[in-house]
Amino acid sequence: MRFQAVSNSFYPSLADPEFRPRYRVDLAAYMRTCDRNFRRLLTLMPDLESSKEGRVWKHRLGGDLSVMFTLTESFPYTATLQVALANGRSAWPARLSMPVIDVRLYFDARTAEPVSYQGRRRIPARSAVPNADMYHQDEKRQINEFLAQWLQLCLASDADARPSSLLFID
């Protein structure tokens with residue numbers, strides 16, 4: 001007895017964009033992550049709110065790897081912080097750029113939102129797939145979660161060595 005693959009239009013393929021479930025932004029979960037990121041940033045840099053533009057914090061993760069926090073803008077109720085992964089090795093291939101996230105902090109709302117990733121601004125909360133910029137449909141949420149993981153890594157590696165791992169560079 002031979003089996004045949006049966007094409008049944010009753011069960012649509014998930015690969016077909018017409019039948020793929022539409023991505024819905026979970027704004028409450030997104031904002032919870034933003035609020036937690038704000039608290040993590042203030043835990044890492046307690047004097048962030050009173051710092052001046054150009055202030056740089058360097059957090060060593062181990063080996064030659066570190067996270068650089070640079071205050072690029074500072075206003076009474078908001079600030080913009082550039083969070084960049086840095087590698088001290090000169091042998092790092094030039095074609096591989098280290099990740100950079102620009103984060104806007106809202107001191108009155110107590111939240112921190114990523115506004116740029118790798119120099120790309122205005123990342124939509126939801127993108128059609130496929131698109132010209134090659135964004136995932138939930139690109140903004142993924143960048144926010146990526147920032148959260150970086151900050152958690154900094155806090156976890158900072159638990160035993162608080163005074164020596166965070167350097168202030170003025």
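The values are calculated or read from the model by the stated rules, or taken from the named source; none is laboratory data. Keep in mind it's a predicted model, so treat the numbers as computed, not measured. Heads up, the Cβs are rebuilt from the backbone with ideal geometry, glycines too, and the neighbour counts pull from every protein chain shown. Just so you know, the surface numbers come from the protein's heavy atoms only, side chains and all, with ligands and any DNA or RNA stripped out. Shrake-Rupley method; radii C 1.70, N 1.55, O 1.52, S 1.80 Å.
The order of R39, R60, R24 by accessible area, most exposed first and with a 1.4 Å probe, is R24, R39, R60.
Could you tell me the calculated FRET efficiency between L85 and R24, based on Cβ-Cβ distance and R0 = 35 angstrom, to the nearest 0.05?
Between L85 and R24 the formula returns 0.65.
Here the Karplus curve 6.51 cos²θ - 1.76 cosθ + 1.60, taken at θ = phi - 60°, turns the phi angles of the stretch 105-120 into couplings of 9, 10, 5, 6, 8, 6, 9, 9, 10, x, 10, 7, 9, 6, x, 8 Hz, with x standing for Gly and Pro. With semi-axes defined as the square roots of five times the eigenvalues of the C-alpha gyration tensor, the equivalent ellipsoid of the stretch 27-78 measures 21, 18, 9 Å, largest first.
At 1.4 Å probe size, put V83, V56 in order of accessible surface, largest to smallest. Could you put the intermediate results ahead of the total?
Details: V83 0, V56 25 Å².
Output order, biggest surface exposure first: V56, V83.
Each residue of the stretch 141-149 was assigned a 3J(HN,Hα) from its phi angle through the Karplus expression (A = 6.51, B = -1.76, C = 1.60, θ = phi - 60°), giving 5, 5, 5, 5, 5, 4, 4, 4, 5 Hz with x at Gly and Pro.
Annotation: amide H-H contacts under 5 Å for T72 (H modelled 1.01 Å from N, sequence separation of 5 or more, or interchain): G54, T80, L81, Q82.
T80 sits among other residues whose Cβ lies under 14 Å from its own Cβ, and their net charge, with Lys and Arg +1 and Asp and Glu -1, is -1.
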